[in-house]
Amino acid sequence: MTEPEPQTYASRLAADALTIFLFHGVVERHVHKIRNYTRKHIAARRFASILEALTAAGTAVSLDDVIKIAAGKGRLPANAFAITFDDGFRNNFTVAAPILEARQIPATFYLTTGFVEHNGMSWIDRIEYAIECVPQGRVALPVGERDYRDAEGARVLLEEIRTVVKADPGIDADRFASEVQHGLGVPETHGSNDPLDQKLNWAEVRALAAEGLFHVGGHSHRHVNLAFLDAASLAREIETSRTLLAERAGLSCRHYSYPEGTPNAYSDTVIAALKGIGVQCCPTAEDGINPPPFDLFRLKRVMVV
Ligand SMILES: [Zn+2]
């Protein structure tokens, strides 16, 4: 895929709106053929260039600032932007945080607590890993079997997998990832220390949160679509993430982001449940900027790739 110019992101800033950028990972360099084709993890040099373009054009704010502004305390600076990271990749701490710190740019990191506990991987990362291992293969999707013969075919298939799985509450995404791994004959993998996979451990979470510039929040426990869960499973899912953040790192759950972040990934029920565990701000992953007044549970973000 082509990477947009850093200036493209600066052009999303607006005089009287908040632009929240959504990152996942920052890596020293790109080494995979198929994995990370979406550029969910960007290169460190590119990350620094994007931050330079943003700070030249606007003013960074923290999401704590945004909570205060939403409560009528303080004003939004012109061309305000906030930096957020989803999922809790270790490279957030080892690569991204020092770059942010050197520029004194605040950021919020949303962690999937089960990934931190077990160095876990999301279902789509497990599928990308398996397809990277097998240059040609066949995958049984719920909508039919699909062959791929080369890297381009693999990327087309991965796009279809993303679309099908994210839209269907009837698919257990993790079980599907296991089926794909079995079908391709690769060992069932739930975690790895590749920079595209490795997650923060709790000592690193505590170190990240101890840096006054940064906030750490929740992103569910298993990275499941919260709106797909029944009431009891929803309560268990978010309470587990709240408890682990509190017990392992002494953190409150003031900040949260919805796994997937798509319009079908949250609802009034999900929002009420999150408010019940103390969440005050939970952005989506829907593309857009945020003119005041802010609805702190429906904030839009701009994904950076
Ligand atoms: Zn996520």
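The values are calculated or read from the model by the stated rules, or taken from the named source; none is laboratory data. All values reported here derive from a predicted model rather than from experimental measurement. In this analysis, Cβ positions are derived from the backbone assuming ideal geometry, glycine residues included, and neighbour counts consider all displayed protein chains. Surface areas here come from the heavy atoms of the whole protein model, side chains and all, with no ligands, DNA or RNA. Shrake-Rupley method; radii C 1.70, N 1.55, O 1.52, S 1.80 Å.
The calculated 222 nm mean residue ellipticity attributable to helices in the chain amounts to -11000 deg cm²/dmol, summing -39500 (n - 2.57) over DSSP H runs of n ≥ 4 and dividing by all residues. Between 0 and 90 degrees, the angle of helix 123-133 with respect to the longest Cα principal axis of the chain falls at about 50 degrees.
Roughly how many percent of the accessible protein surface of segment 8-51 is carbon and sulfur, given a 1.4 Å probe and a whole-percent answer?
On the way: 810 of 1690 Å².
Heavy-atom surface of segment 8-51 belonging to carbon and sulfur, 1.4 Å probe: 48 percent.
What is the helix-to-structure angle for 151-167, meaning the angle in degrees between its Cα long axis and the longest Cα principal axis of the chain, kept from 0 to 90 and rounded to the nearest 10? Helix 151-167 sits roughly 70 degrees off the main axis of the chain. When the solvent-accessible area of segment 247-288 is split by element, carbon and sulfur atoms take up 48 percent of it, the probe being 1.4 Å.
If we sort 140-147, 55-62 on the protection proxy, mean other Cβ atoms within 10 Å, highest first, what's the order?
Order by mean packing, descending: 55-62, 140-147.
You can think of it this way: the chain between D194 and H32 has 57.3 nm of extra reach, that is 0.36 nm per residue less the Cα-Cα gap. For segment 123-183, the relative contact order is 43 percent, taking Cα pairs closer than 8 Å that sit 6 or more residues apart in sequence and dividing their mean separation by the residue count.
The accessible surface of segment 123-183, taken with every protein chain in place and a 1.4 Å probe, is 49 percent carbon and sulfur. Highest mean packing comes first when the peptides 220-227, 4-11, 151-158, 46-53 are listed by Cβ atoms within 10 Å, giving 220-227, 46-53, 151-158, 4-11.
In this calculation the C-beta distance from T243 to I171 is compared with R0 = 22 Å, giving a FRET efficiency of 0.20. Shown is the FRET efficiency for A235 and E101, computed with R0 = 30 Å from the Cβ-Cβ distance and rounded to the nearest 0.05: 0.25.
Listed here are the pairs K40/K199; K199/K275; K68/K275; which of them are more than 22 Å apart at the Cα? The answer is K199/K275. Residues in the chain average 42 Å² of solvent-accessible surface per residue, probe 1.4 Å, ligands and nucleic acids excluded.
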